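Inspection log for the structure reproduced underneath, given as structure tokens.
The values are calculated or read from the model by the stated rules, or taken from the named source; none is laboratory data. From a predicted model like this one, the values you see are computed outputs, not experimental measurements. Don't worry about glycine lacking a Cβ; one is built from the backbone with ideal geometry, like all the others, and counts go over all protein chains shown.
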Amino acid sequence: MAEDDSPSPSSPELPGATVEEAERLTRLARGAADESERAAYRAERDALLAERGFAARVREEDEDAVLVCYPAEWIEDGIVRPGRIEDRSRAVERRLSGPGEAEDWEHIAAHNEGVAERVAAEYGEVHGANARAFAEFMSNHHARRVESASEATIAEFLTEYFPRNTWPTDEQEEVVEESLTLVEERAGGRSGE
């Protein structure tokens with residue numbers, strides 16, 4: 001479960017993990033209840049992409065929405081001028097809406113729950129409780145399979161989600177990192193994020 005700094009298949013400059021996180025933050029912004037929450041997610045996404053010299057916008061197409069991540073240098077006076085761009089392959093596009101979106105989440109959640117139940121069955125309830133907490137975190141906060149967690153995602157779980165949302169026992173706290181290793185093993189190893 002390591003941070004993936006490998007380039008995105010569609011952009012040699014933007015790591016796949018960065019694209020995934022930008023997509024996640026954009027989805028959260030689109031689903032947020034109030035404008036201040038939406039703005040916070042967009043600001044986090046924009047800061048993440050700015051670290052790599054990129055910017056983002058959401059293009060609405062009929063019933064679809066597409067996240068477009070593109071080099072910030074393409075912006076001139078606040079406008080992207082496509083006619084002046086020589087290599088458009090530097091941009092990355094991710095579809096945000098359309099058919100199958102809810103199905104995808106349900107499939108991910110079922111997978112993650114299954115992994116957690118295997119851990120509980122094989123290693124006991126303490127590891128099982130930790131595995132279930134991690135499965136819920138990955139499904140509900142990242143909409144990703146447990147084995148795709150980056151080091152940053154694991155750190156977020158251990159430092160923020162786990163202590164604040166699971167009310168762990170002392171025994172759970174003592175073995176939580178071992179529990180995450182068992183989750184990775186029961187899930188079939190790293191997915192390559």
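Details
- Verdict on residue 127 being of a type outside the set (Phe, Trp, Tyr), surrounded by 15 or more Cβ atoms within 10 Å (Cβ to Cβ), under 30 Å from residue 68 (Cβ atoms) and not assigned by TED's automatic domain parsing to the domain that holds residue 67: no
- Summed over the stretch 77-123, residues that are among the hydroxyl-bearing types (Ser, Thr, Tyr) and modelled with pLDDT of 65 or more total 2.
- Residues being of a type outside the set (Lys, Arg) and within 13 Å of residue 14 (Cβ to Cβ) - total across the stretch 32-73: 14
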